[in-house]
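Notes follow the structure.
The values are calculated or read from the model by the stated rules, or taken from the named source; none is laboratory data. Bear in mind the structure is a predicted one, so any value in this text is a computation, not a measurement. Because the Cβ atoms are built from the backbone with ideal geometry, glycine has one as well, and the counts that use them run over all protein chains shown. Please note that ligands, DNA and RNA were not included when accessible areas were found on the heavy atoms of the full protein model with its side chains. Shrake-Rupley method; radii C 1.70, N 1.55, O 1.52, S 1.80 Å.
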Amino acid sequence: MLNLSPPQEKLAYQNKLPGEAEFENIFCEPLSVVVEALQFSTTWNDMLNHLPDVCLTALDKYGLVLRIAAN
């Protein structure tokens, strides 16, 4: 069951795999890896085969801030 509590933002799913993370950032422009993936892809399958991703070790490069779960 999805627990919504506006105005607090929350993903509809929990991170499950190693390396998955949620970020605090809200950007007015997409990350360069997203733009590059969209420009490279000419078909849906191209996009699926080249989904953009940011390694957790590259957070500083993209100015990403991890969201710390408050449990």
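At a probe radius of 1.4 angstrom, the accessible area of the chain per residue rounds to 90 square angstrom. The portion of the accessible surface of the chain made up by carbon and sulfur, rounded to a whole percent, is 58 (1.4 Å probe; DNA, RNA and ligands excluded).
Across the stretch 58-66, coupling constants 3J(HN,Hα) worked out from phi with the 6.51/-1.76/1.60 Karplus curve, θ = phi - 60°, read 10, 4, 4, 4, 9, x, 8, 10, 5 Hz, and Gly and Pro carry x.
For the set Leu38, Leu11, Leu59, solvent exposure ranked by accessible area (probe 1.4 Å, protein chains only) runs largest to smallest as Leu38, Leu11, Leu59. Model label points for Glu29 and Val65, set 7 angstrom from Cα along the Cα-to-Cβ axis, are 2.0 nm apart. Highest mobility in the GNM of the chain, judged by mean-square fluctuation with C-alpha springs under 10 Å and restricted to Ala37, Ala12, Ala58, is found for Ala12. Using only alpha carbons, the chain has a radius of gyration to Kirkwood radius ratio (Rg to Rh) of 1.01. Of the trypsin sites (Lys or Arg not before Pro) found in the stretch 1-62, the ones in coil according to DSSP and having at most 10 other Cβ atoms within 10 Å of their Cβ are Lys16. Do any chymotrypsin sites (Phe, Trp or Tyr not before Pro) in the chain lie in a DSSP loop with no more than 10 other beta carbon atoms within 10 Å, and if so, which? The qualifying sites are Tyr13.
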